[in-house]
Amino acid sequence: MLSFTPFALALTTTLLTLTNAHPATTHPRSTGIIHRIYAGSTTANNGLHFEPENIVAEPGDLLEFHFLPKAHTVTQSSFSAPCEPLGGDAAIFSGFNFNTTAGEADSVFTVLVKDREPIWFYCSQPTGTHCQKGMSGVVNQKFGSDKTLAKYKEMAVGTVSRQPSEDPLASQGGWIMPNVAL
Ligand SMILES: [Cu+2]
């Protein structure tokens, strides 16, 4: 007759505990896919624009932000608080490291997509209220949900842009890399 002894149950519990004690902390395997996103398109929305601004990416893909004239940033926020930094050590902030007066900045900002959760982002340049004017984007918006980029932009109007750090150059959540021509 099959029976579970207290010992077997205890062993099972121990094994489960051990398994749970080691959640996956490693980065997803690289897919080799790079999504190039331009900050400050010179045509759309008078240049206050990310192109593309609604991105679908797999874990392991890279987001590569290229910066066009005017001093833009990529700053992660929540959906519900547009133009405000998300906070925390992992939140994305490019810093104001990509100023350029013509053409693309010499460096790009590269972000690894870790999972399929939405990444809401905005430009935190306060001069000219870029975020309030619609300079924002999203990676992996939940389609079918009412949390849309259009709604985010709508809620951004009238807010005040905030910076993640007192140091405008303090980037985190990604890497500043040389801008290598294709
Ligand atoms: Cu901007």
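The values are calculated or read from the model by the stated rules, or taken from the named source; none is laboratory data. Worth saying up front: this structure is predicted, and the values here are computed from it rather than measured. When we count neighbours, we look across all protein chains shown, and the Cβ atoms used for this are built from the backbone with ideal geometry, even at glycine.
The number of residues in region 34-59 that are in a loop (DSSP other than H, G, I, E, B) and surrounded by fewer than 17 Cβ atoms within 10 Å (Cβ to Cβ) comes to 6.
Looking only at region 64-91, which residues are out of contact with any Ser or Thr (no Cβ under 7 Å at 6 or more places or on another chain) and either modelled with pLDDT of 95 or more or buried (at least 18 other Cβ atoms within 10 Å of the Cβ) (or both)?
So the first thing to find is which residues in region 64-91 are out of contact with any Ser or Thr (no Cβ under 7 Å at 6 or more places or on another chain), and the list is 66, 70-72, 76-81, 87-91.
Across region 64-91, the qualifying residues are HIS66, LYS70, ALA71, HIS72, GLN76, SER77, SER78, PHE79, SER80, ALA81, ALA91.
GLU58: of a type in the set (D, E, K, R), over 21 Å from ILE176 (Cβ atoms) and within 16 Å of the ligand (Cβ to nearest atom), yes or no? No: the conditions fail for GLU58. Of all residues in region 90-107, those that are among the small types (Gly, Ala, Ser) have Cβ atoms under 6 Å from Cβ atoms of residues that are in a strand (DSSP E or B), 6 or more apart or on another chain, in ALA91/GLN76; SER94/PHE109; ALA105/PHE67; SER107/ILE176. Residues that are more than 16 Å from the ligand (Cβ to nearest atom), among the hydrophobic types (A, V, I, L, M, F, W, C) and either touching a Cys at 6+ places or on another chain (Cβ under 9 Å) or at pLDDT below 95 (or both) within region 118-152 comprise just one, PHE143.
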